[in-house]
Amino acid sequence: MHAFIAGLPKAELHVHHVGSASPRIVSELAARHPDSKVPTDPEALADYFTFTDFAHFIQVYLSVVDLIRTPEDVRLLTFEVARDLARQQVRYAELTITPYSSTRRGIDERAFMEAIEDARKAAEAEFGTVLRWCFDIPGEAGLVSAEETVRLATDDRLRPEGLVSFGLGGPEVGVPRPQFKPYFDQAIAAGLHSVPHAGETTGPETVWDAINELRAERIGHGTSSAQDPKLLAHLAEHRIALEVCPTSNIATRAVRTLDEHPIKEFVAAGVLVTVNSDDPPMFGTDLNTEYAVAARLLDLDERGLAVLAKNAVEAAFLDEPGKARLAAEIDTYTSAWLAP
Ligand SMILES: O=C(O)c1cccc(C(=O)CC[C@H]2O[C@@H](n3cnc4c(=O)[nH]cnc43)[C@H](O)[C@@H]2O)c1
Ligand SMILES: [Zn+2]
């Protein structure tokens, strides 16, 4: 099963830019900025990436954000993340980027956009992996961060070609979703898809807010949706996909154990479930591992895993010919694997 997953062509829809910095990338960035408190030795880093709760996770996350100080750091991170995705046969990835965190730390906004775009094009040429961006508001940083994020996402002189969606991340407790409605309205009017995190660390009412106020087309996590049968039915009926990240939910203590993860309930309710890695090195995982976890929790064989991979293609903000090509590649791979 592991070998099947390793070779399976995949799409990753919920993975954070900075949260994808592997020990290899962290070491390279830390060597450039030796005053950083982020450890570079992989064992110490694994310890550093052990979280007591969600707030602790965000604190550590921001210390890694502090390692990215120049456009060249941004380019290196983006290109190397693409390399790590390509090694897992990820053909298409929507990377969640928080431009506000970088521009407020002094990186020039135009140089930031050029760095991610340059890395995107180079990665597609070298690895064949197609990258697209989701710009997210770090909600806890307040409405100023929302204002700035939507400006960076919609100003024609800045907006990068690879940008497809608009998100909302960070802690949910004390950060009500409805206050971000005007910014999502503006992003949607500019042609971006709405993909807020919701129901990761708060209840199903946050997911309803994401749908009703922010017009979410997919939900980041949505874990607590399982507590509300009407919500599950709504998600299923409207094909609003959940971006499920099982290991992340354990690492941030949003869910107690993998066996208690509600992914099975989502599938039983007919919700379009996609499996994703969120902040893979920080959670000691990668997309292949998340597929293996899902296979165990959902009791999937190879055909079931191929369906999961095709769910991500269906939910992706990729054009129809691109979707058809990737879905066909998944089918061809699976048939060849199962052929006698
Ligand atoms: O950049 C700042 O200065 C800043 C100030 C206050 C608050 C924040 C944040 O809350 C940043 C949060 C950061 O976390 C990212 N992220 C990564 N994984 C997850 C997740 O599973 N759930 C929610 N957020 C996540 C998110 O993209 C933000 O960039 C920043
Ligand atoms: Zn996330």
Full-extension gain in nm, R215 to D41, via 0.36 nm per residue minus C-alpha separation: 58.3 nm
Net length gained if the chain between A6 and H33 were fully extended (0.36 nm per residue, minus Cα distance): 6.3 nm
Most fluctuating residue given options L45, L85, L95, as computed from a GNM of the chain linking Cα atoms under 10 Å: L45
Global form of the chain, assessed from the alpha-carbon gyration tensor, a/c cut-off 1.5: rounded
Estimated 222 nm signal from helices in the chain, with DSSP H stretches of n ≥ 4 weighted -39500 (n - 2.57), rounded to 500: -15000 deg cm²/dmol
Fluctuation leader among R256, R239, R177 - the chain, Gaussian network, Cα springs under 10 angstrom: R256
Only Lys, Arg (+1) and Asp, Glu (-1) charged, at Cβ; the chain dipole about Cα centre in debye: 300
Count of Lys pairs (Cα-Cα under 27 Å; at least 8 positions apart or interchain) in the chain: 12
For segment 276-294 and segment 6-52, distance of Cα centres in Å: 13
Gain upon complete extension [T332, E140; 0.36 nm per residue less C-alpha separation]: 64.7 nm
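About its Cα centre, what dipole magnitude does segment 226-340 give when the only charges are +1 on Lys and Arg Cβ and -1 on Asp and Glu Cβ, stated in debye to the nearest 20?
So the magnitude is around 140 debye.
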Whole-angstrom gap from segment 199-226 to segment 118-155, using each part's C-alpha centre: 21
Of all accessible heavy-atom area on segment 163-310, the percent that carbon and sulfur account for (1.4 Å): 51
Cα centroid separation, segment 84-105 to segment 231-250 (Å): 21
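Got a sec? What order do R104, R218, R83 fall in by accessible area at 1.4 Å, biggest, i.e. largest, first?
Working: R104 150, R218 5, R83 60 Å².
The residues order as R104, R83, R218, largest area first.
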Sequence of E148, E329 when ordered by accessible area, the most exposed leading, probe 1.4 angstrom: E329, E148
I68 accessible area, 1.4 Å probe, all protein chains in place, Å² to nearest 10: 10
Using a Förster distance of 30 Å, the FRET efficiency for K121-E147 (Cβ separation, nearest 0.05): 0.55
Cβ-placed point charges (K, R +1; D, E -1), dipole of segment 101-179 about Cα centre in debye, nearest 20: 120
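In Å², and per residue, what accessible area does the chain have when probed at 1.4 Å with the other protein chains present?
Normalised by residue count, the accessible surface of the chain is 40 Å².
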Modelled label reach - E314, point 7 Å along Cα→Cβ, segment 193-220 residues with backbone N closer than 18 Å: 217-220
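The values are calculated or read from the model by the stated rules, or taken from the named source; none is laboratory data. Just so we're clear, the structure is a prediction, and the values are computed from it rather than from any experiment. All Cβ positions, glycine included, derive from the backbone under ideal geometry; neighbour counts span all protein chains shown. Just the protein is used for accessible areas: all its heavy atoms, side chains included, with ligands, DNA and RNA removed. Shrake-Rupley method; radii C 1.70, N 1.55, O 1.52, S 1.80 Å.
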